[in-house]
Amino acid sequence: MRVLSFSIGEGRHKVDSVAIVTADGVVVTLVGGDRPHVGALSVSIPRPSLKDPSKLSATSSVFTLVGHKDDEIARPISEKLSRELNQVVVVIAGVHVEKATEEDIKCLVSNSMRMAEILAKELKSELRST
């Protein structure tokens, strides 16, 4: 098992992530804002694309806690990582900014998606070396 951690952004828009690489997949936490928490989790399993079987896609199951919208971050990130890594990926997400403005939300989502790019790059490298 290998543990990697990353941060992006500043202040109330900071997003932290920890990725655990196991023998059978990757577990990622992605939390941030004023109140990091567990808001949703998404499990993605790689599979051949239905449109083009030569490409990878992912099937996902998502559980969202009542009153949270973190599935809008968890699902796309777990699917991206699952496709790019060809691994089962679990993402647990929880980002929250109190009295968030439209700009706060855009910044948190942007930082989360930038984190997904960092995770994809670093995890690909990690999986190649194991």
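Looking at (1) under 21 Å from Val3 (Cβ atoms); (2) modelled with pLDDT under 95; (3) of a type in the set (D, E, K, R), find the lone condition where Asp104 falls short.
(1)
Sort out for me the strands (runs of 3 or more DSSP E) sitting completely within region 1-102 that have 3 or more residues that are among the β-branched types (Val, Ile, Thr) and out of contact with any Phe, Trp or Tyr (no Cβ under 9 Å at 6 or more places or on another chain).
15-22, 25-33, 56-64, 89-96
Within region 101-130, take every residue that is in contact (Cβ under 8 Å) with a residue 24 or more places away in the chain and over 16 Å from Pro76 (Cα atoms) and give me the one that is farthest from the chain's Cα centre (by Cα).
Thr130
For region 9-22, check the following and say yes or no: at least one residue is within 17 Å of Leu108 (Cβ to Cβ), crowded, with 21+ Cβ neighbours inside 10 Å and hydroxyl-bearing (Ser, Thr, Tyr).
Yes, because at least one residue in region 9-22 is within 17 Å of Leu108 (Cβ to Cβ), crowded, with 21+ Cβ neighbours inside 10 Å and hydroxyl-bearing (Ser, Thr, Tyr).
Quick check on region 23-48: of everything there that is closer than 28 Å to Val66 by Cβ, buried (at least 18 other Cβ atoms within 10 Å of the Cβ) and of a type outside the set (A, V, I, L, M, F, W, C), which residue is modelled with the lowest pLDDT?
Gly33
Please find, among Leu50, Leu56, Leu65, Leu4, the residue that is aliphatic (A, V, I, L, M), closer than 20 Å to Glu117 by Cβ and more than 15 Å from the chain's Cα centre (by Cα).
Checking each option against the conditions leaves just Leu56.
If Ala19 satisfies all but one of (1) in contact with a Leu (Cβ under 6 Å, 6 or more places away or on another chain); (2) under 28 Å from Lys99 (Cβ atoms), what's the number of the condition it fails?
(2)
How many residues does region 31-88 contain that are within 29 Å of Lys99 (Cα to Cα) and of a type in the set (S, T, N, Q)?
3
Within the set of pairs 6+ apart or on separate chains, which have a first residue in region 72-84 that is over 14 Å from Val38 (Cα atoms), a second that is in a helix (DSSP H, G or I) and among the small types (Gly, Ala, Ser), and C-beta atoms under 8 Å apart?
Here the result reads Pro76/Ala116; Ile77/Ser112; Ile77/Ala116; Lys80/Ala116; Lys80/Ala120; Leu81/Ala116; Leu81/Ala120; Glu84/Ala120, each pair linking region 72-84 to a residue that is in a helix (DSSP H, G or I) and among the small types (Gly, Ala, Ser).
The values are calculated or read from the model by the stated rules, or taken from the named source; none is laboratory data. Note that the structure is a prediction, hence the values are computed from the model and not measured. All Cβ positions, glycine included, derive from the backbone under ideal geometry; neighbour counts span all protein chains shown.
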